[in-house]
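Let me begin by presenting the structure, written as C-alpha cells, before commenting on it.
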Amino acid sequence: MRKIYFLFILSLLFTTISLAQKKKISLEEIWGGNFSTEGLDVLRSMKNGTQYTVLNFDRSTGTRSIDKYDYDTQQKVGTIVSSSDKIPPFSSYEFSADESKLILATEVEPIFRRSRLGVYYIYDIANNSLTKIAEQKIQEPELSSDGSKVAYVYDNNIYVHNLKTKTTKQVTADGKKGSIINGVTDWVYEEEFAFVQAYEWNSNGTKIAFLRFDETNVPNFSMDVYGRDLYQTQNQFKYPKAGEDNAIVSLHMYDVASDKVSNVNLGEAYYIPRIKWMNNPNYLSVQTINRHQDHLKLHQVNAKDNSTSVLLEEKDDAYVDVTDNLTFLADDSFIWTSEKDGYNHIYLHDEDGKLVNQITKGPWEVTNYYGYDQKEDKIYFQSVENGSINRDVYSISSSGKNKKRLTTGEGTNSGAFSADYTYFINTFSNANTPYQYALHKAINGKKVKEIKNNTTLTSKLAEYEMSPKEFSTISINGNDLNMWMIKPADFDENKEYPLLMYQYSGPGSQSVANRWNGANDYWYQMLASEGYIIACVDGRGTGLKGRDFKKVTQLELGKLEVEDQIAAAKKLSELPYIDEDRTGIWGWSYGGFMSTNALLKGSDTFEMAIAVAPVTSWRFYDTIYTERYMQTPQENASGYDDNSPFNYPELLKGDYLLVHGSGDDNVHVQNSMRMIEALIQADKDFEWAIYPDKNHGIYGGNTRNHLYKKMTEFAHKNLRDRPKKDEKAIKSEEIKG
C-alpha cells in the first residue's frame, strides 16, 4: 500500500515538474498572431485540370505573386504575375473564363461584412499589359466570357468597359445612395443572403442579368462615428428591422448589342436571393422566396423574350434554406439540395424540373456540394455521415449508387477539386491537429502528396501548457446533445473547479465541431491553465442533426435553447469536480442574447454571464434573418417579447458584463442601450463597456486584447475567485454580529 502511495506521489511530482516547464498562453500572444496557421491563399484550379494557382506573399521583399503549381508533382512551374514598380500590390485576383486575363484588386477598403470598394486592374497575360478599369474606386468587376469587356458597379450604377475600344457605357442611370441600387445588394441581402454582386454575364457575353433594389421606403439607420475630429459624424444607411419595409427588388436584362435594358416579370417575388445563368446563354435561373421564406421557387427565364416558367418549388412549415448548391449539367438538367426528407440531401432533376431521383439518403446531412464529373458520372460532396461533429469528402454516381468515402482522417475534411475532377486538395484538421493540406486522387481518394502540414505550429505549441478538447454527448430534455469540455492540464478529480460555458446556439449553427483551434480556443486553454473547466453544448435549434432538430425553435427564439443551456449547466454541476456555486456562461451576438437570457432565467444556476454584442430584442434585428425564424412582430408579438431579456431585468441576481461596439452596423448598440436602461431602472448592479466606432467584430489595434483582458478579469473576480456560498454566509453572519 505504501509503495503504491509512493508511486502515486512520484507520478504527481513528475506531472507537476513537467507542467512547470511548460509556458502558459497569454492574451498578447493570441491576438498578436503567434498561433496563426499557414494555408493556401486564394487557390484557383486552372481549366487544364493539371495546374492550380495560389496568391503568395514574400515577406522579405513585400512582393505579391500569383504562382502556378503542377498538381501531380506539386512543383511551382511558373509565376503568372507579381507586384513590381509597374504592377501595384494586389490582394486578390480572378481569371476570365478563358484564363487569358486577370482582374487584380488593389487599395481595397471594406464597406460592410462582404462588400468592398477598390481600384481594379485588368492584366493581360499574353502581352503582359495592365489596364485600370476605372479611375474611381468601384465594386464587383467581372469579365465577360471572352475577356473583351468588363462590367462593374460605381455609385449604385452598372457600367461596361470595352477593353478593345477602351470605351465605357453606362448601363443604368437611376442609381442613387439611399434610394436605388443596381447590380450590387443592399445591406440586408449582403448580410443574410450572403452575396454582393447582383449581376451576371451569360456564357457568350451578349447579356447581363441584374437585380435592382428600390430602398426608398426602407427606414434609415444612423450611428454616430466619433473618430478624432472635433465633431462626430453620422453614418446613415437603409436597414429594414423586423416587420418594416424591405427594398422592392426586381430583375432586369441588359442586351449588349442593342444597349437596351428590359424588365423581367417574376410575379409575386418578394425576395430574389439567387440568379444563375444556365449553360444555354439564352436561359437564366432565378430563385425567389416569399417574405416568410417558407415557399421557394426556381424559375427559368428565356432571355430572348423574358418569358418565365417555374421549374420547381420548395415548401416547409418553418422555412426553406437558400444555398448555392445548384449545378446545371450539359443538357440543363440540374442538381439541387433539399431538406424535404428531413435531412439535407442531393437530388437530380431533368431540364423541365421533374425529379429524376434522390441521389443521397440517410439520417445525416450533406454539408457541401463540390460538383459533378459528367465523364465519370461522379458527384462530389461533403457530409457528416461519419458523425455530426466530423466532415468527410465523398463521391457518388448520379443514380445514388457506388458511394465512396474519399477522406480518412477523423475530423474536418474539405475538398478543392481540379477543373477536370482528376484531383482534389484535402484540407484536414481536428481538435488536436492543425490544418494539413494534401493532394488526393478524386477517383479513389488516394493520397498523392502532402502539400503543407503546419508542423512548425505543432512544435511551438508543444512548449505550452495545453489540454485536450474532450468530445462527448450529454442527455438533456430528451435529446443527446453534442458537447466538448476542456479541463486543466493538471486536472484532479478530487478538486472542485469553476465552470465557464460557451455557446452560440443560433438556428442551424454548430459550435461543437472536431476541427482546429480558433482564437477563442486558445483563450480557453489559457483559462484552463488558470483553473477553469470550459464546456460547450450545442442545444436544440443548432444544425447538422436533421430538419426537425434544427427547426424546433421556430417562432420562439431563445426559449428551448436557453432551457437546454440551463439544464446542461445543472447536469454538469452534478459532476464531483465541478463547483455548482461557480458556474458562468458567455457568448457573442446570438450567443450574447443566449448568455443574457441564461443568467436571468437560470438565476439559480448561473452566477455569472458575459454578453458581447448581444441581440436583446429581435424587434431590433433585420427582416430577412429574424422573420425567417419568427415571422413579423405584428404576427408573433409574444414570440418576440417573451424572450427579450430587457423585459424582465428584475430577474438579474448574478454578475453580468455587457459589451458592445458603438459602430456595430449588424447588431446595433441600441440593443445594449435598452438592456442597460432596463437594468438601471430595475436598480440592478452590473458592468458594461462600449468600444467606440468598433463594428460587430470589435477589433482593430489593441481592441481585442483589451476586450479579452476585461473578460478574463471579470471571470476571475466573479467566477474563479468567487467565495463559496457557505463562505459568504459566514462573512454575512460576522458582519451582523
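A few remarks follow.
- Filter result for residue 678 (part of a strand (DSSP E or B), buried (at least 16 other Cβ atoms within 10 Å of the Cβ) and not aromatic (Phe, Trp, Tyr)): no
- Look at (1) surrounded by 14 or more Cβ atoms within 10 Å (Cβ to Cβ); (2) of a type outside the set (Asp, Glu); (3) assigned to a loop (DSSP other than H, G, I, E, B) and you find that residue 36 fails only one, number (1).
- So residue 494, is it open to solvent by less than 60 Å² (accessible area, probe 1.4 Å), farther than 27 Å from residue 437 by Cβ, of a type outside the set (A, V, I, L, M, F, W, C) and at pLDDT 95 or above: no
- Listed by first and then second residue, the pairs with beta-carbon distance under 6 Å, at least 6 apart or on different chains, first residue in the stretch 403-424 and farther than 23 Å from residue 514 by Cα, second open to solvent by 40 Å² or more (accessible area, probe 1.4 Å), are 419/47.
- Among residues of the stretch 185-199 being out of contact with any helix residue (DSSP H, G or I) (no Cβ under 8 Å at 6 or more places or on another chain) and surrounded by 18 or more Cβ atoms within 10 Å (Cβ to Cβ), the one that is nearest to residue 303 (Cα to Cα) is 199.
- Within this structure, residue 388 fails the test of being assigned to a strand (DSSP E or B) and within 23 Å of the chain's Cα centre (by Cα).
- Of all residues in the stretch 685-697, those satisfying the criterion of being open to solvent by 60 Å² or more (accessible area, probe 1.4 Å) and in a loop (DSSP other than H, G, I, E, B) are 685, 692.
- For the stretch 60-73, filtered to residues that are open to solvent by less than 80 Å² (accessible area, probe 1.4 Å) and among the polar types (S, T, N, Q), the residue that is nearest to the chain's Cα centre (by Cα) is 65.
- Each residue in the stretch 296-350 was checked for being assigned to a loop (DSSP other than H, G, I, E, B), under 23 Å from residue 374 (Cα atoms) and of a type in the set (Gly, Ala, Ser), and 2 of them qualify.
- Among (1) more than 29 Å from residue 269 (Cβ to Cβ); (2) of a type outside the set (Ser, Thr, Tyr); (3) surrounded by 15 or more Cβ atoms within 10 Å (Cβ to Cβ), the one test that residue 375 misses: (3)
- Taking the stretch 256-295 as the range and being part of a strand (DSSP E or B) and open to solvent by 40 Å² or more (accessible area, probe 1.4 Å) as the test, the residues that pass are 260, 261, 262, 263, 276, 283, 295.
- Pairing each residue of the stretch 349-360 that is within 17 Å of residue 401 (Cα to Cα) with any residue that is assigned to a loop (DSSP other than H, G, I, E, B) and not polar (S, T, N, Q), provided the two are 6+ apart or on different chains, yields C-beta distances under 8 Å for 356/350; 357/400; 358/341; 358/400; 359/400; 360/400; 360/403.
- First in the stretch 636-653 and under 20 Å from residue 589 (Cβ atoms), second anywhere and surrounded by 15 or more Cβ atoms within 10 Å (Cβ to Cβ) and of a type in the set (Phe, Trp, Tyr), Cβ under 7 Å, 6 or more apart: 640/618
- Residues in the stretch 703-716 that are open to solvent by 80 Å² or more (accessible area, probe 1.4 Å) and in contact (Cβ under 8 Å) with a residue 24 or more places away in the chain: 709 only.
- Long-range neighbours under 8 Å by Cβ, at least six apart or interchain, first residue under 18 Å from residue 663 (Cα atoms) and β-branched (Val, Ile, Thr) within the stretch 212-225, second open to solvent by 50 Å² or more (accessible area, probe 1.4 Å) and not in a loop (DSSP other than H, G, I, E, B): 225/233; 225/234; 225/235
- Residues of the stretch 533-559 satisfying the condition of being without any contact (Cβ under 8 Å) to a residue 60 or more places away in the chain and either over 26 Å from residue 431 (Cβ atoms) or more than 20 Å from the chain's Cα centre (by Cα) (or both): 533, 534, 535, 552
- Only listed residue being farther than 18 Å from residue 160 by Cα and not charged (D, E, K, R), chosen from 257, 194: 194
The rows are residues; the columns are (1) within 15 Å of residue 398 (Cβ to Cβ); (2) modelled with pLDDT under 95.
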| position | (1), (2) |
| --- | --- |
| 330 | yes, yes |
| 334 | yes, no |
| 340 | no, no |
| 346 | yes, no |
| 352 | no, no |
| 357 | yes, no |
| 361 | yes, no |
| 367 | no, no |
| 375 | yes, yes |
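- Residue 424 open to solvent by 10 Å² or more (accessible area, probe 1.4 Å), more than 26 Å from residue 549 (Cβ to Cβ) and of a type in the set (A, V, I, L, M, F, W, C): no
- Some residue of the stretch 102-110 being open to solvent by 30 Å² or more (accessible area, probe 1.4 Å), under 32 Å from the mean Cα position of the chain (by Cα), without any contact (Cβ under 8 Å) to a residue 24 or more places away in the chain and farther than 21 Å from residue 64 by Cβ: no
- Residue in the stretch 398-421 that is farthest from residue 355 (Cα to Cα), counting only those that are open to solvent by 10 Å² or more (accessible area, probe 1.4 Å) and small (Gly, Ala, Ser): 409
- Leading residue by the ranking (nearest to residue 424 (Cα to Cα)) among those in the stretch 74-90 that are open to solvent by less than 60 Å² (accessible area, probe 1.4 Å) and hydroxyl-bearing (Ser, Thr, Tyr): 82
- Note on the stretch 463-491: residues that are surrounded by fewer than 19 Cβ atoms within 10 Å (Cβ to Cβ) and either over 30 Å from the mean Cα position of the chain (by Cα) or charged (D, E, K, R) (or both) amount to 6.
The values are calculated or read from the model by the stated rules, or taken from the named source; none is laboratory data. These figures come from a predicted structure and were not determined experimentally. Here Cβ is always computed from backbone atoms with ideal geometry, including for glycine, and neighbour counts include all displayed protein chains. For the accessible areas, the whole protein counts, side chains as well, though only heavy atoms, and no ligand, DNA or RNA atoms are used. Shrake-Rupley method; radii C 1.70, N 1.55, O 1.52, S 1.80 Å.
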